[in-house]
1. Which condition number does GLY126 fail, the rest of (1) open to solvent by 40 Å² or more (accessible area, probe 1.4 Å); (2) over 14 Å from ALA34 (Cβ atoms) being met?
2. Name the single residue that is surrounded by the most Cβ atoms within 10 Å (Cβ to Cβ) among those in the range 35-61 being in a loop (DSSP other than H, G, I, E, B) and in contact (Cβ under 8 Å) with a residue 40 or more places away in the chain.
3. Against the condition closer than 23 Å to LEU26 by Cβ and either of a type in the set (A, V, I, L, M, F, W, C) or crowded, with 20+ Cβ neighbours inside 10 Å (or both), how does VAL121 come out, does it pass?
4. How many residues does the range 98-108 hold that are assigned to a strand (DSSP E or B) and crowded, with 19+ Cβ neighbours inside 10 Å?
5. If I filter the range 71-97 down to residues being in contact (Cβ under 8 Å) with a residue 40 or more places away in the chain and in a loop (DSSP other than H, G, I, E, B), which single residue comes out as least open to solvent (accessible area, probe 1.4 Å)?
6. Considering the range 129-142 alone, what residues qualify as being open to solvent by 10 Å² or more (accessible area, probe 1.4 Å) and assigned to a strand (DSSP E or B)?
Amino acid sequence: MSTPDTDLSHLGDNISEIRGQVEGSLGGGAQFWAYVSPQNNTAQNVTKWEVRLEQQDGNWTGVITSDNPQQILQTPNLSGLFNVAVIASGPKFGSKRLTPQSGSKPNIGCNSNCAAMVGIVSNADGTDANYWTTWDAICSRS
């Protein structure tokens with residue numbers, strides 16, 4: 001797993017809120033949340049989305065959607081690698097499976113005492129979007 005990135009302040013306004021929700025419940029299984037970037041007016045350009053996570057060597061699957069964007073998924077005491085699939089649409093593009101942003105992995109790793117994040121970001125003209133992953137974004141010391 002990667003080294004935890006504890007400075008997420010560059011991501012925008014609601015990271016403090018998410019950090020507060022996650023930090024109080026770390027442990028007992030990998031946790032995941034979705035993040036809609038403020039870059040390129042992503043919330044206006046990507047209006048419907050679904051983030052599906054599936055454990056690579058197991059049978060756990062979880063989904064976060066734009067209908068409940070604040071949802072935080074927690075596995076039952078699991079850690080490891082998880083496949084990521086992001087389906088999105090917006091006013092200027094139809095429903096499509098997004099690809100990882102340059103430099104990001106198509107999957108995500110998370111330890112059982114950590115939370116990881118999948119971010120969605122629009123391109124500049126709102127005709128497409130990508131996703132990125134942050135492995136072990138926030139971890140407890142225990």
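1. All conditions are met except number (1).
2. VAL46
3. So VAL121 does not fit the description; no.
4. The total comes to 1.
5. THR75
6. Residues satisfying the conditions are ASN130, TRP132, THR133, THR134, TRP135, CYS139.
The values are calculated or read from the model by the stated rules, or taken from the named source; none is laboratory data. Computed from a predicted structure; not experimentally measured. Glycine gets a Cβ as well: all are built from the backbone with ideal geometry, and neighbour counts include every protein chain shown. Just the protein is used for accessible areas: all its heavy atoms, side chains included, with ligands, DNA and RNA removed. Shrake-Rupley method; radii C 1.70, N 1.55, O 1.52, S 1.80 Å.
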